Amino acid sequence: MLSVSARVTAAAHIGAVVIGRNEGQRLIDCLTSMQGQVGRIVYVDSGSTDGSQAAATDLGAEVVALDTTVPFTAARARNAGLARLMEHAPTPELVQFVDGDCALDPGWIPAAVAFLAAHPEVAVVCGRRRERFPEASVFNRLIDREWDTPVGEARACGGDALMRAAALAEVGGYNPGLIAGEEPELCVRLRAAGWKIWRLDAEMTLHDAAITTVGQWWQRARRAGHAYAEGAALHGAPPERHNVAPTRRALLWGLGLPLLTLAALVLWWPAALALLLIWPVQVLRLWRRYGDGAQALAMTFGKLPEAQGVLTYGWRRLTGARPALIEYK
């Protein structure tokens, strides 16, 4: 095991960017979990009113407060944190991005750094993100399962990941205009530049979704639909076809099928009844595949808010409306 001094030396070339807004105790837990694991911590605050900035300062983090006159996005916040890390030497070789509602596992940084050292072609490495309170609600439990994606080479990462600073600089960092889906979009550009993304079978972070109502779940799914549509608009052309398939599924199930059912109800109600039966059949099919009735229901009826998100993006693009965050907590 490394001595304390050796661990501090090893962490000197690693910086961290934490982003948040009114995370309260979750932010304190996040920053505390990172003490001694990285050389510098930059906390980027997006208009908090709960004392987050003072708490971060007390815990030794450098604080960047975003201009409140410019629309907040997670991508913009991460870029601001990265810029602060790179302002003066010695600049970090690696940057750990963490959302403010997550706590870092003590074994993650050593495992991730060792992997990157052995794989110079990999720009981004992520691990297992788990829900802190999966038993708190069915929505938290579903999100916990959502995080459990395959290990190995991946097409994208999430908000928590260790990245090479040089690779980020090569592709220009995150796209600050995206209100969601900024990590997969970044990974599209990194892969196009020849880099690889990798997911390890290692504990990385504990996340606190804190979703307890249908309304929160709906907003989160709506945000996902918006991200699908915007990602497809940016990188949907061949060969990438980024987010094209999920955008089509959202429109088919969340818009096309309901409209077709309403039309059939007006023209010939037995056809509408037959169309309505497609929903329970789909739920049963997914239940059989995944072995979880709640997951099957969420995957099926989640297409409704996803379609709303797709339409929201389309309307904003058509009218030139100013992008706005879709928040669920």
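Going by alpha carbons, how many degrees (0 to 90, nearest 10) lie between the helix axis of 303-319 and the longest principal axis of the chain?
80
Could you grab the relative contact order for the range 174-329? Cα pairs under 8 Å, six or more apart, rounded to a whole percent.
That works out to 34 percent.
Give, in nm to one decimal, the length gained when the segment between V151 and A192 is fully stretched (0.36 nm per residue of separation minus the Cα-Cα distance).
12.7 nm
Using per-residue counts of other Cβ atoms within 10 Å, averaged over each peptide, order 213-222, 93-102 from highest down.
Going by the mean number of other Cβ atoms within 10 Å, highest first, we get 93-102, 213-222.
Place +1 on the Cβ of every Lys and Arg and -1 on the Cβ of every Asp and Glu in the range 197-243, take the dipole about the Cα centre, and give the residue among G215, L200, N243 whose Cα lies farthest towards its positive end.
The listed residue farthest towards the positive side: G215.
Report, in debye and to the nearest 20, how large the dipole of the chain comes out about its Cα centre when Lys and Arg carry +1 and Asp and Glu carry -1 on their Cβ.
Its charge dipole is roughly 1120 debye.
How high is the relative contact order of the range 232-319, in percent, with contacts defined as C-alpha pairs under 8 Å that are six or more residues apart?
32
Express the relative contact order of the range 4-212 as a whole percentage, based on alpha carbon pairs under 8 Å and six or more residues apart in sequence.
25
Within the range 232-329, which GluC sites (Glu not before Pro) sit in a loop by DSSP and count at most 14 neighbouring Cβ atoms inside 10 Å?
Hits after loop and neighbour filter: E327.
Of the labelled options [x] 53, 50, 50; [y] 55, 42, 40; [z] 76, 43, 42, which one gives Cα extents along the principal axes in Å as computed for this structure?
[z]
Which is farthest toward the positive dipole end of the chain among V17, G256, L318, measuring Cα position about the Cα centre, with Cβ charges +1 (Lys, Arg) and -1 (Asp, Glu)?
G256
Using only the Cα atoms of the range 232-319, what do you get for the radius of gyration and for Dmax, in Å?
15.2, 43
Translational diffusion coefficient, Stokes-Einstein: compute it for the range 37-193 using the Kirkwood radius over C-alpha pairs as Rh, at 10 °C and 1.306 mPa s, and state it as an integer in µm² s⁻¹.
Stokes-Einstein gives a translational diffusion coefficient of 94 µm²/s.
Could you give the distance between the Cα centres of the range 230-253 and the range 120-153, to the whole Å?
Answer, in whole Å: 23.
Net charge near R249, counting Lys/Arg +1 and Asp/Glu -1 over other residues with Cβ under 9 Å of its Cβ?
After counting each charged neighbour, the total is +1.
For A263 and E327 in one chain, what is 0.36 nm times their gap in residues minus the Cα-Cα distance, to one decimal in nm?
19.7 nm is the gain from fully extending A263 to E327.
Residue-wise, which Karplus ³J(HN,Hα) couplings in Hz belong to the range 152-169, taking 6.51 cos²θ - 1.76 cosθ + 1.60, θ = phi - 60°, and x for glycine or proline?
Couplings: x, 5, 10, 8, 7, 10, x, x, 9, 6, 9, 10, 7, 4, 5, 5, 4, 5 Hz.
Along the charge dipole of the chain, which of L190, G302, A117 sits closest to the positive end, that is, farthest toward it, with unit charges on the beta carbon of Lys, Arg, Asp and Glu (+1, +1, -1, -1)?
Ranked along the dipole, the leading option is G302.
Could you state the number of Å between the C-alpha centres of the range 83-119 and the range 13-37?
Centre-to-centre distance over Cα atoms comes out at 12 Å.
³J(HN,Hα) across the range 139-150 via Karplus (A = 6.51, B = -1.76, C = 1.60, θ = phi - 60°), whole Hz, x for Gly/Pro?
The phi angles translate into 5, 4, 5, 5, 5, 4, 6, 4, 5, 7, 9, x Hz.
Please turn the phi angles of the range 86-91 into ³J(HN,Hα) values with the Karplus equation 6.51 cos²θ - 1.76 cosθ + 1.60 (θ = phi - 60°), one per residue in order, whole Hz, x for glycine and proline.
Rounded to whole hertz, the list is 8, 5, 9, 6, x, 7.
We did not get these values from a lab; they are worked out from the coordinates using the rules stated. None of the values given here were measured: they were computed from a predicted structure. Please note: Cβ atoms are built from the backbone with ideal geometry, for glycine as well, and neighbour counts cover all protein chains shown.
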